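First up is the structure itself, then whatever we jot down about it.
The values are calculated or read from the model by the stated rules, or taken from the named source; none is laboratory data. None of the values given here were measured: they were computed from a predicted structure. Here the Cβ is made from the backbone with ideal geometry for all residues, glycine too, and neighbour counts use every protein chain on show. Calculation scope for accessible area: heavy atoms of the full protein, side chains included, ligands and nucleic acids excluded. Shrake-Rupley method; radii C 1.70, N 1.55, O 1.52, S 1.80 Å.
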Amino acid sequence: IAEAISRGDYEKRITINQNDEVGKLGEAFNRMARSSAGRMTEITTERNRLAMIITGMTEGVIAVDQQQKIIHINYAAARLLQLSMTHSIGQPIWEQVRITEIMEALEQAISNRDTVKTQMRRPVEGDDQVVDIYAASLQDTDQGPIGAVIVLNDISEIDRLERIRRDFVANASHELKTPITAIRGLTETIIDDESMSSGVRNNFVGKIHVQSMRL
């Protein structure tokens, strides 16, 4: 029964027919087996819950061990990097991912046991692909290194909208300057020239009206 439990079969129990030291040992053994089964169930449940959360994330997530072999990759990361989720597991990440920014961030995070943030930009059909890269070192309870995790956030659409916003502001600013400059010049001329004839003044006022409509 001990050998069965060591192989992961936590349902095995010792049949107790006596109340001596051997019987008490058997009861203690059964309690240990039940406790181990409960803990294993909790660990499995938590692991499955975490896997579901990571799988459903819109950000790409890749986890590697200390030898930089891929131990987990979610769908978003596989799609972003055009990798196979099944074939990538257990493979060195440098054989699967040939993007300099990602590998440099990973190396720096592992070497410094820190979190590294950087960004990559690469041309794709129609526009640039912009991805924020986060690489963080993973440590065990004794602060020993056990690997790293990489999070990839595709912000291409946000970057495109930001460029559109900047272009709009620049264009709007340029378009506003011309009529404002004209209105300012016309009003200053009217104010400075007290002897201006009513005909010229009315002509200037008409131009000011046109520029205000342009605004």
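A few comments on the model shown:
- Net charge over other residues, Cβ less than 15 angstrom from the Cβ of SER137 (K, R count +1; D, E count -1): -4
- Gain in span if fully extended, ASN48 to ASP142, counting 0.36 nm per residue against the direct Cα distance: 31.4 nm
- If you plug the beta carbon distance of SER36 and GLU107 into 1/(1 + (r/R0)^6) with R0 = 45 Å, you get a FRET efficiency near 0.70.
- As a length-normalised measure over Cα pairs under 8 Å and 6 or more apart, the relative contact order of the chain settles at 12 percent.
- Taking amide H positions as modeled 1.01 Å from N, with prolines and chain starts lacking one, the residues under 5 Å from HIS72 and 5 or more places away or on another chain are ALA63.
- Our estimate of slack between GLU194 and THR55, defined as 0.36 nm per intervening residue step minus the Cα-Cα distance, is 42.4 nm.
- Exposure here means at most 15 other Cβ atoms within 10 Å; with GluC sites (Glu not before Pro) in a DSSP loop as sites, the longest stretch of the chain lacking them is 12-124.
- Scattering profile of the stretch 1-105 at q = 0.13, 0.20, 0.24 Å⁻¹ [log10 I(q)/I(0), Debye over alpha-carbon scatterers]: -0.65, -0.98, -1.20
- Converting phi to 3J(HN,Hα) with the Karplus coefficients 6.51, -1.76 and 1.60 and the offset θ = phi - 60°, the stretch 91-102 yields 9, x, 5, 5, 7, 9, 10, 10, 9, 4, 4, 5 Hz in sequence order, with x at every glycine or proline.
- Taking trypsin sites (Lys or Arg not before Pro) in DSSP loop conformation with at most 11 other Cβ atoms inside 10 Å as exposed sites, the chain has its longest uninterrupted site-free stretch at 99-215.
- Mean-position separation - Cα centroids, the stretch 182-215 and the stretch 101-127, in angstrom: 58
- Rounded to the nearest 10 degrees, the angle from helix 21-56 to the longest Cα principal axis of the chain is 20 degrees.
- Comparing GLY26, ALA4, ILE16 along the charge dipole axis of the stretch 1-98, the residue lying farthest to the positive side is ALA4, per the Cβ-charge model.
- Choice from ASP128, ASP193, ASP65 showing the highest fluctuation, given a GNM over the chain with Cα pairs closer than 10 Å: ASP193
- On Cα atoms only, tilt of 156-192 relative to the major axis of the chain in degrees: 20
- Under the convention that each Lys and Arg Cβ holds +1 and each Asp and Glu Cβ holds -1, the size of the dipole of the stretch 103-215 around its Cα centre is about 680 debye.
- Taking PRO92, PRO123, PRO145 as the candidate residues, the one with maximal mean-square fluctuation in a Gaussian network model of the chain, Cα springs under 10 Å, is PRO123.
- In order through the stretch 206-215: 3J(HN,Hα) via Karplus (6.51 cos²θ - 1.76 cosθ + 1.60), integer Hz, x for Gly, Pro: x, 5, 4, 4, 4, 5, 5, 5, 5, 4
- Of all lysines in the structure, those lying under 23 Å Cα to Cα from LYS207, and not within fewer than 8 positions of it along the same chain, are LYS177.
- 15 Å beta-carbon shell around LYS12, net charge (K/R +1, D/E -1): 0
- Reducing the stretch 78-95 and the stretch 1-72 to their Cα centroids gives an inter-centroid distance of 28 Å.
- If you wrap the stretch 97-215 in the convex hull of its Cα atoms and look at it from every side, the mean projected area works out to 13.3 nm².
- Heavy-atom surface of the stretch 15-113, accessible at 1.4 Å and reported per residue (Å²): 66
- Principal axis extents of the C-alpha atoms in the stretch 133-190 (largest first, rounded to whole Å): 81, 22, 9.
- Rg/Rg_globular for the chain, with Rg_globular taken as 2.2 N^0.38 Å and Rg from C-alpha atoms: 2.03
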